[in-house]
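Asker: Once you've had a glance at the structure underneath, I'll fire off some questions.
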Amino acid sequence: MSIPFNQALLSRIQDNLRLFQRMTIRDRNLVSAAVALTLVGDTNGNTAFILTRRPKSLRRHAGQWALPGGRREKGESALVTACRELDEEVGLSLIHISAP
């Protein structure tokens, strides 16, 4: 199945995301983290979804497919964390960051 990577898709995604209500969970036992849900166009103009494969050497979740992401550093926003992790894990660096 191929989905064209175009403005219509981006608008549909933005409209759907606006329907979600943000929830914050405050629990000192949880580690604050963020992930990057990243869609890009491939060479044929279709939509590609970026996933990473966790190394088999990890103690937890070894070999699993995952969104690029990780722990938030002190004072770092979720958006900045997600962008930093995307750069560190797949080498995709975003120059302009805009929050919805």
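Asker: Given (1) open to solvent by 80 Å² or more (accessible area, probe 1.4 Å); (2) among the β-branched types (Val, Ile, Thr); (3) more than 24 Å from ARG84 (Cα to Cα), identify the lone condition not met by ILE3.
Answerer: Tallying (1) open to solvent by 80 Å² or more (accessible area, probe 1.4 Å); (2) among the β-branched types (Val, Ile, Thr); (3) more than 24 Å from ARG84 (Cα to Cα), ILE3 fails exactly one: (1).
Asker: When only residues in region 52-72 that are small (Gly, Ala, Ser) and farther than 18 Å from ALA33 by Cβ count, which is surrounded by the most Cβ atoms within 10 Å (Cβ to Cβ)? Before you say what the answer is, go through the steps one by one.
Answerer: As a first pass, look at region 52-72 and keep what is small (Gly, Ala, Ser): 57, 62-63, 66, 69-70.
Keeping just the survivors that are farther than 18 Å from ALA33 by Cβ gives 57, 63.
Numbers: SER57: 7, GLY63: 10.
Among residues in region 52-72 that are small (Gly, Ala, Ser) and farther than 18 Å from ALA33 by Cβ, the one surrounded by the most Cβ atoms within 10 Å (Cβ to Cβ) is GLY63.
Asker: Can you list residue pairs whose Cβ atoms sit under 8 Å apart, with the first residue in region 81-100 being open to solvent by 60 Å² or more (accessible area, probe 1.4 Å) and modelled with pLDDT under 95 and the second being assigned to a helix (DSSP H, G or I) and among the charged types (D, E, K, R)? Count only pairs 6 or more apart in sequence or on different chains.
Answerer: Taking only residues 6 or more apart or on different chains, the pairs are SER93/ASP87; LEU94/ASP87; PRO100/ARG18.
Asker: Among the residues of region 24-33, are any assigned to a loop (DSSP other than H, G, I, E, B), among the polar types (S, T, N, Q) and at pLDDT 90 or above? Give the steps one after another, and end with the answer.
Answerer: Narrowing region 24-33 to residues assigned to a loop (DSSP other than H, G, I, E, B): 24-32.
If we keep only those that are among the polar types (S, T, N, Q) as well, we get 24, 29, 32.
Then drop every residue that is not at pLDDT 90 or above, which leaves 29, 32.
Yes; the residues of region 24-33 include at least one that is assigned to a loop (DSSP other than H, G, I, E, B), among the polar types (S, T, N, Q) and at pLDDT 90 or above.
Asker: Considering only region 34-51, state which residues are among the polar types (S, T, N, Q), surrounded by 13 or more Cβ atoms within 10 Å (Cβ to Cβ) and part of a loop (DSSP other than H, G, I, E, B).
Answerer: Across region 34-51, the qualifying residue is only THR38.
Asker: Show the residue pairs that are 6+ apart or on different chains and have beta-carbon atoms under 8 Å apart, the first residue being within region 55-72 and without any contact (Cβ under 8 Å) to a residue 12 or more places away in the chain, the second being of a type in the set (D, E, K, R) and open to solvent by 50 Å² or more (accessible area, probe 1.4 Å).
Answerer: HIS61/ARG54; ALA62/ARG54; ALA62/LYS56; GLY63/ARG53; GLY63/ARG54; GLY63/LYS56; GLN64/ARG53; GLN64/ARG54
The values are calculated or read from the model by the stated rules, or taken from the named source; none is laboratory data. Keep in mind that what you see is a predicted model, and the values were worked out from it rather than measured. For neighbour counting, all protein chains shown are included, and Cβ atoms are generated from backbone atoms with ideal geometry for every residue, glycine included. Ligands, DNA and RNA are excluded from the accessible area calculation, which covers all protein heavy atoms including side chains. Shrake-Rupley method; radii C 1.70, N 1.55, O 1.52, S 1.80 Å.
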